[in-house]
Every structure is written in C-alpha cells, then in structure tokens.
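Read-outs: derived from the displayed coordinates by stated rules, not from any lab. Since we're looking at a predicted model, the values are computed, not measured. Glycine gets a Cβ as well: all are built from the backbone with ideal geometry, and neighbour counts include every protein chain shown.
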Amino acid sequence: MDLTAIVFYLFSIVTVGAAAIMVFSKNIVHSAFALMFSLAGIAVLYVLLYADFIAATQLLVYVGGILILILFGLMLTEQAVTQKFKAVTVNMLPASLLAAVTTVLLVYAYATTSWQMVMPEERSETVYDLGILLMSDYILPFIIAGVLLLIAIVGAILMSTRLTAIKNEEQ
Amino acid sequence: MELMITPWLAEPGLVHFLIVSALLLSLGLMAVLSRRNVIMVLMGVELILNSANINLIAFSRYTSLSLEGQMIALFVIIIAAAEAAVALAIVLNMYSRFNTVHLDEIDSLKG
Amino acid sequence: MFTQLPLIILVLPLLGFLLLIFLGKRLPRKGDWLAAGLLITALALSLSLLISKLAGQPDESFTQTFRWLAIGTHTIHFGITIDNLSAVMLVVVTLVSSLVHLFSIGYMKDDPRYSRYYAYLGLFSFSMLGIVLTSNLLFMYIFWELVGISSYLLIGFWYEKKSASNAANKAFIVNRVGDFGMFLGIMILFVNFATFSFKEIFDLVEAGQLPYGSTGWLTTAGLLIFCGAIGKSAQFPLQVWLPDAMEGPTPVSALIHAATMVAAGVYLVARMFPMLTADALLVIAYIGAITSFLAASIALTQFDIKRVLAFSTISQLGYMILALGVGAYTAGFMHLVTHAAFKAGLFLGAGSVIYAMHQVLHAQNDHHTDAQDVRNMGGLKSKMPVTYYTFLMFTLAISGIPLTSGFLSKDEILAGTLAYSTLNGHWLLPLLGFVVAGMTAFYMFRLLLLTFHGNPSDRERISAIKESPLVMTLPLIVLATVSLFVFYSFNPFGAADGWLYQAIERPISMVPNMLQPVDAGIFEEAVHHIHGTAMVLSILFALSGILLAIGMYYWKKIKAENLVQRTGVLYDLSFNSWYFDELYDRIFVSGLFLLTRISKWFDEHIIDAIVNSSAWVSRGIASVAGLFDTNIVDGLVHATAASADRAGSMLSKIQTGKIQTYLVYVIFSFLVLFILFI
C-alpha cells in the first residue's frame, strides 16, 4: 500500500467513525464535535481528490462557520444541560431498516456499474482554473448564489429579530 | 480470496470514495429519521450534503466531468451555508413558540 | 545549524501551548514545569545560536524559505532569517519569557485557570519569536496579529472583572487601528514589488524602483508600516491602550512591556530601516520624542505602582523610536535590549510587592484596600530586602546612573539625538530627550521612595508583609545581574566598544540618494564629537531629578501638596493622562453616534418618502386588478379548492403531524422506486 492508500483508509475510517459517533451519541454536544471531526476528515478526502480549494472551503465554511452556527443553536436552545434522561430517538426500527437498505442498494449499484473513467488529470492546483470558470461560464450562478446568501442573511436576521420582539412582549 | 482482496484494498479508486459517501449518506439518513432533536436533524442534513459533495468531487477527478464537478460542489457548500443560517433561525423561532426542540412533540397542524 | 535551530526555537513554545491547552489539567502540577522547561530549553538554544553567530564576524544573514502558497502567478514563501539583530532579539525574548514563566509559578499559584495561563504564555512567546525570525512582511503581519490575539487573551485573563475584559478589548481595537495602516503599507509594497520578502524589497528599492514611481509613495509606505509600530509599541497617538493593559496578571505585564509585544514595534522599525526615507525617519523621531515626553509627564503624578511603570514603558519606547528616527540605530536597539531586562525586573518586582500585599490583605479579610496603590505601602524595605535591592538596581538602570546598563544605552541615544540636532537643527528632539531623562529619574525614585521607604500608612498591615518565595525572587536577581554594565560593554562610560555595538551595525539605507538619512560615517563622527557633553548633561539631568524626588519624599523639604496647587492645570492634565481617553471618546465614539443619527434621518425622510409614493401608485393598480380577481379568478379557485378539500379530508388520516414519520414514508417510497426502475 502506498501513502495515498494509507491516508485514504485512515481518514475514511475517521470520517465514517466520527459520523457514526455523531448519529448514535446521546450527548448532543459530543455529536457536534464528532461532526467536526467528520467534516475535517472529508476535507482530507477532498485533498486526496486533488480538490485543494474545495478542501479549504470545506474547512472554512463547514468547520469554521456552519458548525459554529450549530453550536450557537445548541447553546441558545439550552439542550446541553436539560432533559438528559429522555430517549433521544424515535422510529428507530424503520429508520435503521431504511438506512441499511439504502447502503446495500447504493454499494451494489456502485460496484456493479461500469464507470466510464478517464485517466486522472494531474493538477497542481485548481484555484486558478476555478477562478476563471467562476468569472466566465458560471458567472450567473455565482451572482445568484450571492443574492441567495444575502436573502438568507436578511431572512435569518428578520426571523430572529421578530423572536426578540415576541419575547419582549411576553415580558 | 486472498488475491481478490489485496488489489481491492491497495489503491483507492472511484468506487472507494463512492462507498464512503454511501456510508455517510445512510448515517445522515439515520440522524434525520431517528433523532428527536431538531438540531441533530440539521446535522444529519449537513452530513447528507457532504456525502453528495464527495460524490461530485470523486466524479470530477475520475471521469470526464472534470472541474465542473468541483464547481457544483462549491455551490452546494454555498447553499448549505445559507440553509444552515435560515434553518437555525427557524429552530430558534420554533423553540420560542413551542418551548421544545423535539420534533415529535411538535405535531400541531393547522385546520 | 543556522537553518534548523531557529525553527526548533520557534516551535518549542507552540508545542507548550498545544500540550497545555489540550492536556493541561491532566498533567502533573498542571504543566507549569513543562512550559517553563520548554522556554528554558529555547533560551539555551538561543544563547548557543547567538554565540556561534557572534563568532562568525562580520554580520551575515542566513535565510531559509519554504514555498507556502501559490496564488495565480505569485508564490508566497515562509522564511526564516537569522542575523545578529534577530539572534540578539531571540535571546532577549526567551530570557524574559522564561523568567516570567518561573515567576508565575509563585504569582499565579492559586489561580483556577493555571494551566491555561501557561498555555497563553506559550502562544505569546511563540508569536513574538515568529515576528523576530520571519523573513517577509506577510508573515510578520500574521505573527503580529497572533501577538495581538494572545495579548488580548492574557490582558483579559481575569475576564470576570469588567475592567479586565474592557482593557483587553481596548488593547485589541486600538491595535487594529495601527495594524490597518500597516496592512495598507504592506499592500502598497506588494502591489508594486510583487513580493513580501524584506530582502527582495530592499534590493528593488536599491535598484531604483519606487512604488508608483514616486519617492512620496516610498515615504508613505514606510510611514504606514510604522503605523503598526505606533499601535503595538503604544506610541502617540495610540498610546491609550497600554496603561489599561495593566489589568492582566502582573507577570504578563512584565512580558508585554519588556520583551514581547511593545518591543515588536521597535523591532519592526529596525527591520524596515533600510527602506525608510529621511522624511519618514524625521516623523518617526518626532513621534518618539512627543510620546516619551507625554508619557513621562503623566507618570509624574500616578499613584498606582503598575500605572507608573506602564507610562515609563511608553516613555522609554518613545526613546527607542526617537533613537531609530535620528539614525542612532544601534543605540535604539541596545536600549530595547537593556530596557527589556530592567523593565521586566521592575514589573516582576512590582508583582512581588503586589503579591505580598495581597497575601496580607487576604489574611486580614480586607477587600477594599487597593493592593497596587503606593499610598497604601511605604516602609517595605526591611520586610522585603531582596525585592527592595533588586528594585533599586532597576530604578538606577532606568534613571540612567553610571555603571548600569540603562546608562550605556540611554547615554548613546541622547548623544545621537544631540548629534542629529547639530547636523540638522532639530533642537527640540534633544531638549525633550534630556527633560524626559530628568523626569524619568524623578518619578522612578518617587515610586521607590513611596513604596519602600517612609512611614507605613498602616503599621499592622506592613508588619505582616513577608518576602516572596524563591521562584519569584530568583528571576529578580537574574535580571538585576544583567542590568549591570559589564554584560554589554567593559567600559562603563561608553557602549561603543561593547560586543553589542560591534555586532549590530546600522544597515545601509537603500533609498535614493536625495532621500538618504544622514550618512552613517558623518553621524558617527558627530556622535563621537559630542559624546562627552551628552554624558555630562544626561547625568546632570538624572541627578537633579533624583535630588528633587528625595527632597520631596524622603527629606520632605518640599511639600508635594504645595507643588500640586501651584501647578493646578498642569497637574490635572498629567494626573488624567492629558484627557486622551476622554478626547477619543468625544471624537470617535460620539462621532459614530452622530453619523448613525444622520443616516437615520436620511432613512426616515428621504428613502421612506420614495417608498410611500411608489406604494400609493401600486395601490391604485391593485384595486383595478382586485375587481378582476374576486369575480373571475376566485370562482375557478373555489371550485378547485372544494375538490382538494374533499381529497384532503380523506388523506388527513395518515397525517400524524410528525415530520419524521413523513420522512420515513418519503424515503420508503423513494427506495421502492429505486428498486423498481434500476
């Protein structure tokens, strides 16, 4: 096994293992941190796939941004401290059945399909090409994504300000 | 048997990445379907999005999809960020209205 | 050896930080020995590096770079440079830092976040070493910000105290103002030269390339980068953060004030010296002189032991900046080195006093008396002999009394300033310099006499005071020893023959000829010529300051109260730090509020008017459309709705309202479709 293989297997195990911990852990804060490891592991997989910019974005946006948001959500809804004794799951049986079936089906489909592969391109970096693409072929989606983010920000702020307004009225 | 497994393990190719993504997808599905806490459900959604991203990027490396795959993955990340922000605002609203974040306790329907 | 050793020195404190932040609570003794041990190792390595570097005269610089990042056609390198300047700085930083580590073992003994404190210290030392070692501006900036954030963590270490977290915020925000200028300066250079490396920038300037082709821009870039130094080294007009930074633990103040944070600004100016034009240097000199005068005048009237020391730090930093500005490069850097030793000592000594006061106040259950106010002390001399004698040594050094290290460097600075004024006619610079020398001697002796001599204000309290433990006094003794002249030069009246002067030469200025500062040869000549005069004057000023202090606070011949009344307004200005905080509050904070009020008015009166009128127009259109809607469209809709209603009431049986149950249905049907079609 060469280095790439070792790194791949190691981080696949980290990623999937952390995801499993996330799903099955009873403590939701533990879950959040397991998710962090899982996302970071995925970033390493991206690096293995020669997607350096995406890997960096993954770390910045997911590990740095979304995860913090989730932790904020946890703190604001005070789930870390209360109600430890209740069951944390519902529909356990159908959920695990469905998940298992999905896995089997997907793996079967992946393994039996004959993919039309091309020899992997050796790229030193993707940032330059991605930047060119973003500013040429993908300029419209790029702008729309910007508008979407703006709308999301405005919407999130609006919803949370209404929230404080409701709370103030209650007091 | 020995001969079958060794080359299979030796070099990670397209299918290996796809299988990792399939595992992540079903774990995400588990979280979405079975956890009571709405924030856990959100985390499950993030996991599913990530598994889709692995697929896209794996295809971008091994098939003729090339850089386009990475591009789409980039947009997925952008949209996931927007989704997380809005979803958490919704969760906060939900929490202030129902005083719980457990999805199975929130079942009042209009009409 | 010059390539691997610096990296190891750089990584050691970082290692300490990582180990302590993650494992701190599990380590025996919470890991203080680990942090201190790592720093002492780094000190030993730095010393060996310096010795082998000095053995290889003349000064050569060794650079090693690694490719770090490529953006388009630019590649950015991470590099390490070792020359005599950085080698000396390495020793200074690691020495003070390791002594502070040792001292803190006693001082922070009972703190609940003991291991985190050591972790932060490690991060701080790491970022400072990074500034010292880096070979390019971008990494300088990165480490610069790291110093900013670690100082933020340390100043706000007792964040339960409102004043501490405010002080941390203030330090961070004021620093940002300076850093913004620094970043602009770096960007001007990068846009024009497409490199961050010091050496390449200097080479390009020497080859006659100028930013945007004009010498004005070169001066601007130099001054903008100097803005960073203004912020970090607390120069006028950004000096306001430093006195407040006293809210952190006292050993941290010693570290910030002596060797790490504030020294970074001076070090930056020294590094950038070859590209600074004569105009830029003149501005730098004046800022240094003004800072040193302002801070010294404030220190005259303060009663908090740490505040006096804080203002004296600002004043001494002003000296260093002044020295660099007038071209007395080596003198300025030497003052940085000597000042690091005796100022760290002063702070640790103050820490030892405060620690002792705290112990007693705690034992007496007294929570109101301020343990840092010199009016509550007095007569500590016999109770804390080691602290007293080392403190006396440091005070002599900072006042510039012969046979101390402070005398050597301060004397050279004043001689350089005087020489500069004879060559260029800026007589205000030496005047301020000498006056500040007298003021420094006065306020330092005032502090010493009020703290250790005189009658105690509360006899019972003072009699209970005990000397601090050995881990706290040992660093004091070490620092007092290196405040002697022999460590810098064997001639107690001239530093020019000492190793430091031999090792560090003023770098050759790379700027175009007409902007060159005074030529080093001519300058040296003038300094040599005027050295005797400067020495006599500086001793005279220092002695008169000391005499005045003794007259006022020991013999009580001159009543301090009378002087206060006699000088009314001036005393008020000094006591309230020249009202700088209030001024900034008026201008910037209130200005911001005014701006928001203006935009609010604009919003309400202009934007809203436009919106309202457009709403009025669309209402007219809508009422027409409404008629069409209610009569024709609604009829169709109602019919559709009625049928949907019937279907819905049938289907509502399987609706439980639980979203996850729905999801199970969805996934299940999806999988069925998947199996059917594939």
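Using C-alpha pairs below 8 Å separated by at least 6 residues, the relative contact order for chain A is 18 percent. Give C:Lys343/C:Lys381; C:Lys25/C:Lys161; C:Lys30/C:Lys232; C:Lys109/C:Lys466; A:Lys26/C:Lys109; C:Lys232/C:Lys381 a once-over and call out the pairs whose C-alpha atoms are over 26 Å from each other. Pairs exceeding 26 Å: C:Lys30/C:Lys232; A:Lys26/C:Lys109; C:Lys232/C:Lys381. Given a cut-off of 51 Å, what percent of all Cα-Cα pairs of chain C lie beyond it? Across chain C, Cα pairs with separations above 51 Å total 23 percent. Loop-located trypsin sites (Lys or Arg not before Pro) across region C:88-125 with a Cβ neighbour count of 16 or fewer within 10 Å are C:Lys109, C:Arg113, with loop assigned by DSSP. Mean separation of Cα pairs under 8 Å and 6+ residues apart, divided by the residue count of chain C: what relative contact order is that in percent? Relative contact order for chain C comes out at 12 percent. Quotient of the Cα radius of gyration of region A:124-171 and 2.2 N^0.38 Å, N being its number of residues: 1.95.
Note that region C:184-241, at 10 °C in a medium of 1.306 mPa s, gets a Stokes-Einstein diffusion coefficient of 131 µm²/s from its Kirkwood radius over C-alpha pairs.
Averaged over the residues of peptide C:598-607, the number of Cβ atoms from other protein chains lying within 10 Å of each residue's Cβ is 0. The convex hull around the C-alpha trace of region C:192-295, projected and averaged over every direction, spans 7.2 square nanometres. Each residue of region C:1-128 gets 109 Å³ once the volume of the Cα convex hull is shared out per residue. Its residues counted as N, region C:278-558 yields a C-alpha radius of gyration over 2.2 N^0.38 Å of 1.06. Using just the C-alpha positions of region C:117-195 as equal point scatterers, what log10 of I(q)/I(0) does the Debye formula give at each q in 0.13, 0.18 1/Å? Values returned for q = 0.13, 0.18 Å⁻¹ are -0.46, -0.77. Over all pairs of distinct alpha carbons, what does the Kirkwood formula give as the hydrodynamic radius of the protein assembly as shown, in Å? Radius from the Kirkwood sum: 32.7 Å.
Computed from Cα atoms, the angle from the helix B:67-98 axis to the main principal axis of chain B rounds to 20 degrees. In region B:14-103, the ratio of gyration radius to Kirkwood radius, Rg to Rh, stands at 1.09 when only Cα atoms are counted.
Counting other Cβ atoms within 10 Å as a rough exposure proxy, the listed residues C:Val262, C:Val191 run C:Val191, C:Val262 from fewest neighbours to most. Qualifying chymotrypsin sites (Phe, Trp or Tyr not before Pro) in region C:485-535, where qualification requires a DSSP coil assignment and no more than 11 other C-beta atoms within 10 Å, comprise C:Phe490. Only one residue of C:Ser48, C:Ser613, C:Gly416 has its Cα farthest out toward the positive end of the dipole of chain C, where Lys and Arg carry +1 and Asp and Glu -1 on Cβ, and that residue is C:Ser48. For the listed peptides C:218-228, C:172-182, a ranking on the average number of other beta carbons within 10 Å per residue, highest first, reads C:218-228, C:172-182. Counts of other chain beta carbons within 10 angstrom of each beta carbon in peptide C:631-641 average 0. The coefficient of translational diffusion for region C:300-341, derived via Stokes-Einstein from the alpha carbon Kirkwood radius under 10 °C and 1.306 mPa s, stands at 146 µm²/s.
Can you list which of the trypsin sites (Lys or Arg not before Pro) found in region C:576-634 are DSSP loop residues with at most 14 other C-beta atoms within 10 Å? Filter output for region C:576-634: empty list. In region C:278-558, a dipole from Cβ-located charges (positive for Lys and Arg, negative for Asp and Glu) runs towards its positive end, and of C:Phe394, C:Val374, C:Val482 it is C:Val374 whose Cα lies farthest in that direction. For region A:3-123, the normalised intensity computed at q = 0.12, 0.16 Å⁻¹ comes to -0.63, -1.01 (log10 of I(q)/I(0), Debye sum over alpha carbons, equal scatterers, no solvent). For region C:343-475, the average shadow cast by the Cα convex hull is 9.1 nm², which is a quarter of the hull's surface. For A:Phe33 and C:Leu470, a Förster radius of 41 Å and the Cβ-Cβ distance give a FRET efficiency of 0.45, rounded to the nearest 0.05. Set the Cα radius of gyration of region C:584-641 against 2.2 N^0.38 Å, with N its number of residues, and you get 2.23.
Mean sequence separation of contacting Cα pairs (under 8 Å, at least six apart), scaled by the length of region C:56-157, corresponds to a relative contact order of 26 percent.
Residue ranges C:353-363, C:411-421 sort as C:411-421, C:353-363 when ordered by packing (mean number of other C-beta atoms within 10 Å per residue, highest first). Going by neighbour counts of Cβ atoms within 10 Å, the residues C:Phe273, A:Phe33 line up, fewest first, as A:Phe33, C:Phe273.
Legend: mean number of C-beta atoms from other chains within 10 angstrom of residue C-beta atoms, peptide A:45-55, equals 6.
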